[in-house]
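Peer 1: Here it is: the structure, laid out below.
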Amino acid sequence: MTPSSPASPSPRTAEPGGPVYASPVDLGTYGPYGPGRVDVSAGWKRPRYAFQDRVTADGSSGFRAEPGRYHLYIAWSCAWAHRTALVRKLRGLTDVVSLSHVDDERDGRGWAFRERRGADPVNGFTLLLEAYEATEPGYPGHISTPVLWDRATGRIVSNDFRCITIDLGTAFEEWGDPETQLYPEPLRAEIDELNAFVHENVNDGVYQVDGATTQDAYETWRRKVCAALDTLDARLAERRFLFGDRITEADIRLWPTLARFDLAYNPVGGVTEEGLPGYPHLWAYARDLYQRPAFRETTDFDTYRMSPPLSREDGVRHIEVAPMESDWEAPHGRERLGAG
């Protein structure tokens with residue numbers, strides 16, 4: 001069935017005069033999310049992110065860092081959006097940049113606001129698409145989170161997850177926690193280099209494993225991801241975090257993938273029979289992060305659980321891995337590596 005136009009979200013309210021929500025997910029009417037919005041042809045291709053403006057402390061970008069001006073729209077399930085919630089917490093910006101969540105499920109209309117996660121508190125939108133179309137009328141592309149919205153101009157500043165965390169971590173220095181420096185200037189080149197490695201081989205790598213359309217591509221990407229996990233495990237053997245005794249942007253980039261690995265990425269894609277506990281230093285590091293308030297409070301394991309597909313049309317044989325319920329509360333024993 002061809003999805004209907006998303007222009008009519010069929011809004012409803014919980015009660016007369018109450019908040020406005022999108023109608024329930026309706027795959028029969030709207031189809032699944034993807035066709036017409038992202039490239040669903042052979043292989044995995046990360047969508048383009050259309051809005052890439054930056055927030056700066058001095059406003060030279062056209063978007064000055066100011067308290068109360070910006071709002072984050074995110075999905076609990078989205079690993080890329082998870083990063084922005086983490087930086088907002090760690091930098092002490094919860095009263096400076098507001099945040100709300102879209103519903104966990106979506107159909108061909110994309111992310112929506114429903115009662116489970118709450119209404120849109122800024123614009124009263126029922127679909128996140130409305131934010132995109134307010135910025136670019138007739139917007140035809142991918143409807144992603146995170147979205148950084150500017151109340152002053154009534155438009156999206158950025159949906160580029162790679163830049164939003166950097167801007168939250170650096171442009172709001174006047175209001176942020178001065179003790180938390182996630183992107184310190186002396187380490188930026190090294191952080192950028194490690195982030196590029198992690199993005200290709202881990203963050204995006206798990207999608208490449210799942211989306212492989214040939215057996216050779218699947219085996220190649222599976223080996224790449226496992227090798228990268230080995231590399232990170234070795235790096236963390238003698239340092240508490242990726243850059244020693246401080247949490248940085250590099251840890252923010254890696255963590256959401258680790259949090260979802262055993263419940264989603266590994267069982268769905270078939271990456272490794274061992275799961276995250278098969279990498280002892282990496283697994284202890286992941287627990288060390290989770291047991292900190294900012295990470296615990298922005299993590300919802302219930303939204304990450306996914307089952308392996310029953311069959312694959314491309315005929316690629318993936319190893320079978322069951323979702324793993326890990327003990328995230330177990331002692332991590334990493335205090336010996338630094339104060340943290």
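Each reported figure results from applying straightforward, stated rules to the coordinates on display, with no laboratory input. What you see is a predicted model; the values in this text were computed from it and never measured. Here the Cβ positions follow ideal geometry from the backbone for every residue, glycine too, while neighbour counts run over all protein chains shown.
Peer 1: Please pull out the direction-averaged projected area of the range 230-340, using the convex hull of its alpha-carbon atoms, in nm² to one decimal place.
Peer 2: 7.4 nm²
Peer 1: In which sequence would C78, C163 go, from the one with the fewest C-beta neighbours within 10 Å to the one with the most?
Peer 2: Arranged by neighbour count, lowest to highest, C78, C163 become C163, C78.
Peer 1: How many nm separate the modelled label positions at E297 and A196, each set 7 Å beyond the Cα in the direction of the Cβ?
Peer 2: 3.5 nm
Peer 1: Give a residue-ordered list of calculated ³J(HN,Hα) values for the range 209-223 (Karplus: 6.51 cos²θ - 1.76 cosθ + 1.60, θ = phi - 60°; whole Hz; x for Gly, Pro).
Peer 2: Going residue by residue, I get 4, 5, x, 4, 10, 9, 5, 5, 5, 4, 5, 4, 6, 4, 5 Hz, with x marking Gly and Pro.
Peer 1: Read phi for every residue in the range 270-283 and hand back ³J(HN,Hα) as whole Hz from Karplus 6.51 cos²θ - 1.76 cosθ + 1.60, θ = phi - 60°, with x for Gly and Pro.
Peer 2: For the range 270-283, the Karplus curve yields x, 8, 8, 5, 7, x, 4, x, x, 10, x, 6, 5, 5 Hz.
Peer 1: How much of the DSSP beta bridge set in the chain is antiparallel, as a percent to the nearest 5?
Peer 2: Antiparallel bridges: around 70 percent, rounded to the nearest 5.
Peer 1: Given H placed on each backbone N at 1.01 Å, which residues far from S158 in sequence or on other chains put an amide H within less than 5 Å of it?
Peer 2: The answer is L148.
Peer 1: Whole-Hz Karplus ³J(HN,Hα) for the range 168-185, in order, using 6.51 cos²θ - 1.76 cosθ + 1.60 and θ = phi - 60°, x for Gly and Pro?
Peer 2: Taking θ as phi minus 60°, the curve returns 4, x, 10, 7, 9, 4, 4, 10, x, 5, x, 7, 10, 10, 8, 9, x, 3 Hz for the range 168-185.
Peer 1: OK, next. Among DSSP bridges having both ends in the range 1-180, what percentage is antiparallel? Round to the nearest 5.
Peer 2: So the antiparallel bridges amount to about 70 percent of the total.
Peer 1: Right, here's the next one. Round to the nearest 0.05 the FRET efficiency obtained for R151 and D327 when R0 = 30 Å and r is the Cβ-Cβ distance.
Peer 2: Computed FRET efficiency for R151 and D327: 0.10.
Peer 1: Taking the Cβ of A294 as the centre, find all other residues whose Cβ is under 12 Å away and add up their charges (Lys, Arg: +1; Asp, Glu: -1).
Peer 2: Values: positive: R83, R88, K89, R91, R292, R296; negative: D177, D251, E297.
That sum, taken over residues with Cβ under 12 Å, equals +3.
Peer 1: OK, next. I'd like to know which of W175, W149, V25 lies farthest towards the positive end of the charge dipole of the range 1-180, counting +1 on Cβ of Lys and Arg and -1 on Cβ of Asp and Glu.
Peer 2: V25
Peer 1: Taking only C-alpha pairs under 8 Å that are 6+ residues apart, what is the relative contact order of the chain in percent?
Peer 2: Reported as a whole number, the value is 17 percent.
Peer 1: Among V55, V206, V122, determine the one that fluctuates most according to a GNM of the chain built with springs between C-alpha atoms less than 10 Å apart.
Peer 2: Among V55, V206, V122, the largest GNM mean-square fluctuation belongs to V122.
Peer 1: Taking R0 as 30 Å, what's the FRET efficiency between D245 and R48 from their Cβ-Cβ distance, rounded to 0.05?
Peer 2: Efficiency for this residue pair is about 0.20.
Peer 1: Given only helices, namely DSSP H runs of n ≥ 4 each adding -39500 (n - 2.57), what is the per-residue ellipticity at 222 nm of the chain, to the nearest 500 deg cm²/dmol?
Peer 2: That calculation yields -9000 deg cm²/dmol at 222 nm.
Peer 1: In Å and whole numbers, how far do the C-alpha atoms of the chain stretch along each principal axis, longest first?
Peer 2: Sorted largest first, the three principal extents are 56, 54, 35 Å.
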